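Accompanying notes for the structure given below.
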Amino acid sequence: MDFEEMVKNIDVKALREEAKKRGIPTRCVTKINLAKALPEDVLEELTKK
């Protein structure tokens with residue numbers, strides 16, 4: 001699965017919650033940039049939900 005396709009399947013709210021848990025700033029950040037900042041295993045886990 002392509003990175004962009006994987007990100008499209010993830011809810012923005014879920015991405016922001018995971019970023020906040022890891023101390024990543026979430027203000028004025030696009031969905032793609034937020035996904036790039038998160039570890040790949042987290043993205044795979046969010047895609048399964």
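Each value in this text was obtained by applying a stated rule to the coordinates, not by laboratory testing. All of these numbers come straight from a predicted model, not from anything done at the bench. Note that we place each Cβ from the backbone using ideal geometry, even for glycine, and neighbour counts take in every protein chain shown.
Could you go through segment 39-48 in sequence order and give the Karplus-derived ³J(HN,Hα) for each residue, using 6.51 cos²θ - 1.76 cosθ + 1.60 with θ = phi - 60°, rounded to whole Hz, and x for Gly and Pro?
Values per residue, Gly and Pro as x: x, 5, 5, 5, 4, 5, 5, 5, 5, 5 Hz.
In percent, how large is the relative contact order of segment 3-48, given Cα pairs closer than 8 Å and 6 or more residues apart? Walk me through the numbers before you get to the answer.
Details: 29 pairs, mean separation 23.3, N = 46.
Across segment 3-48, relative contact order equals 51 percent.
Compute the long axis of helix 12-21 from its Cα atoms, compare it with the longest principal axis of the Cα atoms of the chain, and write down the angle in degrees, 0 to 90, nearest 10.
60
For PHE3 and CYS28, calculate 0.36 nm times their separation in residues minus their Cα-Cα distance, and state this gained length in nm to one decimal. Show your work: numbers first, answer last.
Numbers: separation 25, 0.36 × 25 = 9.00 nm, distance 2.10 nm.
Going from the current span to full extension adds 6.9 nm.
Could you give the nm distance between label points at LYS36 and VAL12, where each point is 7 Å from its Cα heading toward the beta carbon?
1.8
Is there a quick way to get the dipole size of the chain? I mean about its Cα centre, with the Cβ of Lys and Arg at +1 and of Asp and Glu at -1; what is the value in debye to the nearest 20?
The calculated dipole for the chain is roughly 400 debye.
Specify which residue in the list THR26, MET6, ALA37 is farthest towards the positive end of the charge dipole of the chain, using unit charges on the beta carbon of Lys, Arg (+1) and Asp, Glu (-1), about the Cα centre.
Final value for the positive-end residue is THR26.
With the Cα gyration tensor of the chain in hand, give its eigenvalues times 5 under a square root as the equivalent ellipsoid semi-axes, listed largest first in whole angstrom.
Those come to 16, 11, 9 Å.
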